[in-house]
Each structure stands twice: as C-alpha cells, then as structure tokens.
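Here the structure is laid out as structure tokens; the discussion comes afterwards.
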Amino acid sequence: RRRGVPPPPLPRERQHLPLQASGGKHKGLRAVGRRVEPKTKGTGQKNYLRQIMKLKIQKQGSAIHSDLVSAVGWNVFNELYSCSDDKTVCRWDMSGDAGGKVMDLDTFVTDMQWSPGANKSNAAGNDVFVVSCTDGTFKIVGRNGRVEKSVEAHRGAVISLRWNSDGTALVTVGEDGALKVWSRNGMLRSVLEQRDVPMYCVSWAPDGDQVLFGSGKELFIKPLNPGSKTLKWKAHDGVVLRCDWSALNSTIVSGGEDCRYKVWDCYGRLLYQSAAYDYAITSVAWNPSGDIFAVGSFNALFLCDKTGWTCSKAKLETGSVYNIAWTADGTQLAGSGGNGSVCFGSILDHTLEWDKIAATLEEGTRIRVRDVMSESVEDLDFRDRVIKMSLGFGYLVVVTATQVCVYKETNWATPHMFDIKDVVTLVVQCRTCFLLVNSAGCQLFSYEGRQVCAPKSPGLRPEMLNAQSVALSPDTLAIIDRSTSKTVRFLDTSAGKPVGEEMTHSMEVTDVCLSQTGSTPDRKLVFIDRNRDLYITPVLKAATYKLGTMVDSCRWNDTTDMLAAMVDQRLVVWYYPNVVYVDKDLTALTKFVKDGGFGKVPQLTYFNGARCTVRRIDGARIAASASPHIPLLYEHMLSNQWDKAIRMCRFVKDNSLWACLAAMSVAAKDLNTAEIAYAAIEEVDKVQFINTIKNIPTEEGRSAELCLFRRRPEEAEAILLQAGLVFRAIETNIKLFNWDRALELAVQHKTHVDTVIYYRNIYLEQSQRAESNQRFLQYAQSVTVDEQAVLTKVEQEKEKEASRPGARRYK
C-alpha cells in the first residue's frame, strides 16, 4: 500500500438482498435494478417515460501501464495524460489510442490537474499540469514532460490538489492533515486548516472564496477569510474519499467508503443519497456543464443527473476507478483503473423533445430526428463530434467542435451554418434568435446564422453562466450578476445594451425565466431565490410580487403568457400571471393546481400549448396538461376578438376562464367585456366600478380610473396631470384620503385649495376628529371656504371636462 492512498476496495462478503415490494419500508414499490420506483399500475400515472441518456464506453485503453493508474486529465488539445504507479506519465488521444510515454517520475502520483487558464489560442505559458506525489511534493509539469518546479508541500503524501477557476491559486491537502493554498508559481500563501487526520479530497467553491475538503466522515467548507466561520457536517458513515463542487450549479457531490454518493447544496443540506453499492465510491466528477456528474467504483462507472438519479451504468474491467476527468466540452470522459488500464466514455442517446419533434444523439457525429405525427425520420451527420444541441420554437441548433448548424423543422436538408473558434458551453433559444456562450463571451444569432450582437454587462462571467442564470426572449436578455447573485441585469437583444432597470433582490437569485410573447412593455421576469420563493416582476420597471414558496423549477409557455412551476411537489399553472398587476383578487381563480406522482425535486422540461412535461428525481417523465381553452382565449385576446372570447367562456362555463377574460379585458381597456366577465363570476362591486368608469367622458380620465382599479395611484395621477385634468387629479387624491398630496397639487396649480379644505372638513366631521395637520391649519386661516362656491366650481370642472375635444361616453 502506498502512503496516503487508500487500498482498492475488496468485494464485500455480505451481498445486498433485493428489495421486497410486499412490505417493510418500501411497501408499495417495485425494485428495478438497484433503484426503487413507484408502481405505475393503478396509480393513474400510466405514461411514465424515462429520460434517455446513456454512457457508452468507447474503449478501455490498452494496458501500456504496468501498475495502478492513479490520475488522468485532459488538456485543451483534447489529449489525455495518465499517471501510474509504474512512475510514468503517458499520453492518449480522444479515441483511446496510446500516444506514448511523456515522462518518467521518481515517485508515486496521487492526483493531477491541468491548468484551467489555458485555451487553444493562448496556450503558451499556461499549458502545464500539476501532480501531487507521495513523497510530500507537488510538481508543475509542462506539456512536453519537463518538470518546471517541484515544491515540498506536506509531511507525508500530498493526496489531492486543485487549481482555482482562473488558475491563479492552487490548494493541496495531505496525509499530515494540512490544507494549504499556493500561488501559481508554487509559493505558499496560507495554511487554512490543520487537523489530526488525513484529508483525502479538496475542491474550490465557484466564487473561489471558499474551499471544500473531506476529513474522516465529515465535509468542511473553509472560507479563505480567516475571520469567517467554517461550515462542517457529517457526510458519510465511512471516510469521505472524493468530493467535487460544480462551478455552475453550486452543488456538491461526494463519495465515501460507505459505498454511497451524495448530493449537497452549498450549505451542507442533503439533496440526494444513493443506495448502498457493493463497493466504495472512489471517484466523482462534475461535467463542465453542471447538468450531470460521473461516479466511479469497482469495475463500474455511473452517469448521474445533477439531482442525483442514475442515468446510466457502465460495467468495466478496470478495477476501481480512482479518478475521472471530463473534456472541456463535456462530451467525453476518461477514468483511471486500478488494474493499470484507462477507460474512455462518451454521452449518447441524449434526447430532446419539442412539440411533435424528437431529436436523439445516436452517435458522436449523428443526430436522428423523428416527427411523431408524420412518423418520418431524418439522420443528420456531422464532420465533427456534437458538443451541444438545443431544440425549440421550430428550430434545432447543433453545435459541433468547429461549426454551428441551424435546422428548421420544415427543412432538414439545408441548414444555416457558420464557424466557431471556442468551445460553446451553453445554447439558449427564443422565438426569434438564440444565444451562444463560450469562454470569450456571449453572442446572439438569428436563425439565419447572422450575428445580431455581442451583449456585455458589468459582472458578466461567461464561464459561470448556465441555463438557470440566463433567460432569453425576442427583445430582452436577462443575466444574473454573479458578483453578488442578487442582481439581474436586462440587455436589449438588438444592440446588447442595457434596457429597463436592473432588478435587485434581497437574497441570492438562483433561477431566472423571461416570458416569450408580447412586446417589451409587456415582458415579465420570474425568478427563484435561495429560499426557493418564486417572484414575478416587469422588466422595464421592477415591481416584484411573490407567487409561491417551496418552488423547484418554473417555465413560461412557449406560445402564450401562461406560467408553470413545481410548487411543493405540485404542478401549478398561472393561466394569466399578469393578473397580479391587474386585479390581485383574481389570482386564485386564474391558477390551476395538479397533485400527485411528481415526487421530490421535480423539474419542468417542456411547456407548450396546454401540455407540459415534468421530470421526476428518478428520471421518469410525466405528461400533464392544463385547460386546452386557455390558448384559444389568448388567440382571441391578441386578435381583439372579444365577442368570440365571451361566447367560448359561456360555452365552457368555467370560472377560471371568466377570471382570465376579466383580467385580460381590463389590461386591454375593453370595459364592456370586463363588465360581462366580472358579472359572470359575481364580482358585483367591480361591475359597479366599471360602470362608473364608463360614465367618465374623457379617455384620459378612464385610463386613470383603470390605473386606480389596478392599484397604481401614482400612474393615475401622472396621466391626469399630463392631460391637464388638474381637478380630477386633486379629486383622485381626495378619494384616496391622500390629503397632503391633494393640497400640494392645489397650491402648486393655484386652484381648488378651498375645495380640498372643504372636503377635508367633511372628513374630519364624519370621523369626529379635530384638525392636527399644520399645513391645513395654515391655509384654513387664509382661505375662505364657501360650500356653494365649491360645489359650483366642481360642477364647472365636470362640464369643462365633458366639453373637451373628443370627449364622449364609453360605448
């Protein structure tokens, strides 16, 4: 046994017994492989479809090493370097063919990692990797195998090490129980922690301000700031062997001698725990995209979703997989075997669905497209391996290592194509354009392949962007500012410049999503914060409103303004979310709730028309649907066919439809339709108020009253003052008992001061109170209040308003 390295786990004498479906803890469940799933028969959820994604082992590299392979790592040129106990470092290509020996070492290697600061365009000076050794040193080695520096780091073996995200700092842990931070050149910066037991794993936090490490059965999060508190929790029942912290989703995965892997949030709260396997978990590694991670054990490699469930299991003949490394584009991985072999794997059978189209990555360079309506099949072949693909809004965007191909669902033969230089890490689509994110930044393209703009924003870190931190609509791009995670910035998609006001929340924002229909003034943003609360706000002027709590995911409809969210393991659909800015009292009526079968941490993957798809934590996909009449109601609203909308609501006889129609008509200022809709749901007081609005002779006056109806008094006052209706603005503040503002307007415009004082005196008399406002006491002494004169002036103002050009009663 080498110092600092745990021995390969041996098969356990006790074999795991199969789960019994007839009783005990898992009563009512059936065992499938090593995973427990609910029975589908008789539960009402008959159309479960498992999410398809498979890990294909391309090759188990020829045994050019004569002893255990302890570490592997990919460089930016897609070359794999492997370190072995035969004291050699060897090179491999992506296909798994050996490229020969790179160098010999005089000690055993326990871990390695390439510098993350390198890329193909500026690899000079950054093209180095670091290895940790059992003699207590770590060595910085060039691509050609030359040792640039050897540093005495620990007493005993250096067990694990990691570069930070920009390659400016290195953290090491060792057999001596020390946690140390080093500069890029190998100069010691600080000793963060000193413990009595060895540390076997370490990883940087996404922001680079904290370090995660495992010691014994516990995991620790140690801030670099000496005055900050260390977070610690018991993670496993055995020694924690491996851990990794995703830079994109801030989630931690760990594996230990208790034969389990676990998923944690950044506060040490358990999100997922696997079943106990037969052997210890010897390696874990997040994919660069943050959507999946890989887990290695004895003769086994698992591909897991970020929520924890196992997508695929590959059986190997490598012994224990001690180390896992992903390529920069996240399409391939390599594992180091305990018997001296290296295995190579790639992700296949990844399927995307939108409307009637399903696209499946059949091979590394082939995508099969199926039209489920016409039952037609198209095979799309590419010269390079497929890195990313995105399907939505009638377009399939395929990103390879060197090109981007854009296909339209009506024409699979002639795609729009353009070349790229850097590795694309994210693709986000909307109805009119799509966003590409790479290490150089963000670029917006039309579906014809033309670059629209390159958005830039303060705090924009392209390497930290994922599908949750970016949202795209036809006119707006929303990005979470990673410097604070509490601010969301909005950019114009046509020029990449800021639009509207940036939205700042009281807590960290974890997920953002933009509505897809309507114009910029109608654009809405929904976001989920760290407490899993769901909020909605307009883009142009922030006005947040809380929609729900305990929210796992949310999604706007692709063709309407419906919003769906998984709230406390239930599917909730807001048919018309804008109702919170029109009439909050109708929010409950315009909401659809569906219970059952979704389990913990469900994710919305599709929402188009009235149909949505929910993916459970075990990978099963459940199809659910909302009211099919709501999309028709939106069609009638957008085409101003209010009569057809009324006839449909009368035919369906559903209060939720009437409530949606009432809110839509008020937002569109169609008072006749609003009166009918409110009457149908028996809102008598609102029907009376709408009739009062219809009697106002001017359009500006009606608009102001509608703003009051929508609880926007400042906007109502601004409309009246801009139209020159000063008396109606004063009268509005009097009705709202906003006496100071009413008097201020009267004094400012030198009119109706006596009117304000007259109504103020009536108010005080009815409430049996004495005047205590100093401003009113001051003006009461200098202004004579004549009741008859005041009433005469009020009537004159009404006649004057009715005689304005274009003034007429609403019809």
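Of all residues in region 147-169 being out of contact with any helix residue (DSSP H, G or I) (no Cβ under 8 Å at 6 or more places or on another chain) and hydroxyl-bearing (Ser, Thr, Tyr), which is surrounded by the most Cβ atoms within 10 Å (Cβ to Cβ)?
Ser160
Assess whether Gln429 counts as being open to solvent by 10 Å² or more (accessible area, probe 1.4 Å) and closer than 28 Å to Asp166 by Cα.
So Gln429 does not fit the description; no.
Test of understanding: among Arg728, Arg741, which residue is touching a residue at least 60 places away in the same chain (Cβ under 8 Å) and over 43 Å from the mean Cα position of the chain (by Cα)?
The conditions single out Arg728.
Does Arg532 count as open to solvent by 40 Å² or more (accessible area, probe 1.4 Å) and modelled with pLDDT of 95 or more?
no
Need pairs with beta-carbon distance below 6 Å; first residue under 25 Å from Ser485 (Cα atoms) and within region 242-270, second among the hydroxyl-bearing types (Ser, Thr, Tyr) and in a strand (DSSP E or B); sequence gap 6+ or separate chains.
What qualifies is Cys243/Ser203; Cys243/Ser254; Asp244/Ser203; Trp245/Ser203; Val263/Tyr272.
Quickly run through region 459-515 and pick out the residues that are farther than 26 Å from Asp558 by Cβ, among the β-branched types (Val, Ile, Thr) and over 15 Å from the mean Cα position of the chain (by Cα).
Scanning region 459-515 gives Thr484, Thr504.
If you scan region 608-652, which residues turn out to be open to solvent by less than 30 Å² (accessible area, probe 1.4 Å), among the β-branched types (Val, Ile, Thr) and within 27 Å of Lys669 (Cβ to Cβ)?
Scanning region 608-652 gives Ile630, Ile646.
I'm checking my understanding of the structure. Among residues of region 590-607 that are more than 17 Å from Val551 (Cβ to Cβ) and open to solvent by less than 20 Å² (accessible area, probe 1.4 Å), which one is farthest from the chain's Cα centre (by Cα)?
If we take residues in region 590-607 being more than 17 Å from Val551 (Cβ to Cβ) and open to solvent by less than 20 Å² (accessible area, probe 1.4 Å), then Thr590 is farthest from the chain's Cα centre (by Cα).
Quick one: in region 214-229, which of the residues that are open to solvent by less than 10 Å² (accessible area, probe 1.4 Å) and not hydroxyl-bearing (Ser, Thr, Tyr) is nearest to Ala169 (Cα to Cα)?
Ile221
Identify, by number, the condition in (1) touching a residue at least 60 places away in the same chain (Cβ under 8 Å); (2) open to solvent by 30 Å² or more (accessible area, probe 1.4 Å); (3) touching an Asp or Glu at 6+ places or on another chain (Cβ under 8 Å) that Arg804 doesn't meet.
Only one criterion is unmet by Arg804, namely (3).
Which condition number in (1) among the small types (Gly, Ala, Ser); (2) farther than 21 Å from Ala314 by Cα; (3) surrounded by 15 or more Cβ atoms within 10 Å (Cβ to Cβ) is the one that Ser374 fails?
Of (1) among the small types (Gly, Ala, Ser); (2) farther than 21 Å from Ala314 by Cα; (3) surrounded by 15 or more Cβ atoms within 10 Å (Cβ to Cβ), only one is false for Ser374: (3).
Just for region 129-146: of the residues that are within 38 Å of the chain's Cα centre (by Cα) and under 15 Å from Leu170 (Cα atoms), which one is surrounded by the fewest Cβ atoms within 10 Å (Cβ to Cβ)?
By that ranking, first place goes to Ile140.
For Pro415, all conditions in the list (1) open to solvent by 40 Å² or more (accessible area, probe 1.4 Å); (2) more than 23 Å from Asn75 (Cβ to Cβ) hold save one; what is the number of the exception?
(1)
Where residues in region 205-239 are in a strand (DSSP E or B) and of a type in the set (D, E, K, R), which of them is nearest to Tyr267 (Cα to Cα)?
Among residues in region 205-239 that are in a strand (DSSP E or B) and of a type in the set (D, E, K, R), the one nearest to Tyr267 (Cα to Cα) is Lys232.
From the list Glu353, Glu317, which residue is among the acidic types (Asp, Glu), within 27 Å of the chain's Cα centre (by Cα) and outside any loop (DSSP other than H, G, I, E, B)?
Answer to the selection: Glu353.
Which of the numbered conditions does Asp561 fail, given that it passes all the others? Conditions: (1) under 23 Å from Asn655 (Cα atoms); (2) part of a strand (DSSP E or B); (3) open to solvent by 10 Å² or more (accessible area, probe 1.4 Å); (4) in contact with a Pro (Cβ under 9 Å, 6 or more places away or on another chain).
Failing condition for Asp561: (2).
Hey, among Val211, Val240, Val202, which residue is within 21 Å of Asp166 (Cβ to Cβ), surrounded by 19 or more Cβ atoms within 10 Å (Cβ to Cβ) and more than 24 Å from the chain's Cα centre (by Cα)?
Exactly one of Val211, Val240, Val202 is within 21 Å of Asp166 (Cβ to Cβ), surrounded by 19 or more Cβ atoms within 10 Å (Cβ to Cβ) and more than 24 Å from the chain's Cα centre (by Cα), namely Val202.
Would you please list the contacts, defined by Cβ atoms under 9 Å and residues six or more apart or on different chains, that run from a residue in region 637-656 that is within 13 Å of Ala674 (Cα to Cα) to a residue that is surrounded by 15 or more Cβ atoms within 10 Å (Cβ to Cβ) and aromatic (Phe, Trp, Tyr)?
Pairs found: Cys649/Trp658.
Taking the condition of being among the hydrophobic types (A, V, I, L, M, F, W, C) and open to solvent by less than 30 Å² (accessible area, probe 1.4 Å), how many residues in region 536-558 meet it?
6
In region 170-199, how many residues are open to solvent by less than 40 Å² (accessible area, probe 1.4 Å), in a strand (DSSP E or B) and farther than 14 Å from Val211 by Cα?
Number satisfying all stated conditions: 2.
Give the residue that is farthest from Leu720 (Cα to Cα), with candidates limited to residues of region 770-785 that are open to solvent by less than 80 Å² (accessible area, probe 1.4 Å) and not in a helix (DSSP H, G or I).
This residue is Glu771.
The values are calculated or read from the model by the stated rules, or taken from the named source; none is laboratory data. This is a predicted model, so every value here is computed, not measured. Cβ: placed from backbone, ideal geometry, glycine included. Neighbour counts: every protein chain shown. Only protein heavy atoms, including side chains, enter the accessible area calculation; ligands, DNA and RNA are left aside. Shrake-Rupley method; radii C 1.70, N 1.55, O 1.52, S 1.80 Å.
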